[in-house]
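One structure is given below, encoded as structure tokens.
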Amino acid sequence: MGAVKSKRMPRAVREQQMLDAAVQTFGQRGYMAASMDEIAELAGVSKPLVYLYLNSKEDLFIACIRREAKALVEAVRAGARPVLPADRQLWAGLTAFFTHTARHPDGWAVLHLQARTHGEVFAAEVAAMRADIVTFVTELILAAAREALPQALGCARAGGTPTDPHLPGGEVAGLAEALVGAAEALADWANSTPGVTARQASATLMNFAWAGLGDLMAGRPWSPPDGEGLDTGSGAEDAGAGAVVHAGRTSPVR
């Protein structure tokens, strides 16, 4: 009976079944310790069939990386609806990220732990996924700066002294990298800490990151105390180029 079912199962369905088994095995045992025999047994197929479909252990691992990476990026982008304000988009995207990594811990282990440490080919696959997410976060930060500008102009008309929330490209890229790195570390923490929900992890990162970004967009960037200026590589004249510096200002956690 089992052999008949195997023959009747569509190739695409059978392949996904093998990938499910491979992700679970790689995620829990690690790439080096995982065996094709173990994967085949978990998938309910013969080892020659796994090789027939996916060629080798390396190709099978790459297929797992690509599938899990695609699913994660799609989840994040789908979660952050473009109609929302930038901060709400980031909140929704983070919640989607932490929800996905919590629901698929083996897939996250494959992406974040295994693929990065077992060869340049595997690491390059994950780097491509990460670049997509960093690009998405960069777009959100730029959108936040565009949203903040009309508010700043309105404040000026009312007699206030706002700062144009223009952010240099390098600074935006650095902020996006920092935010994605924090999310990755927090996902590991959330998955290993009982009782931490996706919403709690998202709120933690929003309080850590967006509170500071909010001040930045409002023209209230943090800077070191007097006498410990920022090393921007262009000297103290930077302060006279339109930058507004509030020495020692910190942003409260909201």
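A few remarks follow.
- Debye intensity ratio in log₁₀ form over the Cα atoms of region 62-108, taken at each q of 0.13, 0.22, 0.25 Å⁻¹: -0.30, -0.70, -0.82
- Whole-percent carbon and sulfur share, accessible surface of region 1-125, 1.4 Å: 55 percent
- In this simple spin-label model, placing a label point 7 Å from the Cα along the Cα-to-Cβ direction at both residue 134 and residue 171 gives a separation of 1.9 nm.
- Gain on full extension, evaluated as 0.36 nm per residue between residue 17 and residue 184 minus their Cα-Cα distance, stands at 57.4 nm.
- Computed 3J(HN,Hα) for region 190-201, one whole-Hz value per residue from the Karplus formula 6.51 cos²θ - 1.76 cosθ + 1.60 where θ = phi - 60°, is 5, 5, 9, 10, x, x, 7, 8, 4, 5, 5, 5, glycine and proline marked x.
- Taken over region 1-107, the alpha-carbon convex hull comes to 112 cubic angstrom per residue.
- Stokes-Einstein, applied to the Kirkwood radius of region 18-60 over Cα pairs at a viscosity of 1.002 mPa s and 20 °C, places its translational diffusion at 217 µm² s⁻¹.
The values are calculated or read from the model by the stated rules, or taken from the named source; none is laboratory data. Only a predicted model underlies this, so the values are computations on that prediction, with no experimental measurement involved. Using ideal geometry, Cβ is built from the backbone for each residue, glycine included, and neighbour counts are taken over all protein chains shown. Areas reflect the complete protein model, heavy atoms only, side chains present, ligands, DNA and RNA absent. Shrake-Rupley method; radii C 1.70, N 1.55, O 1.52, S 1.80 Å.
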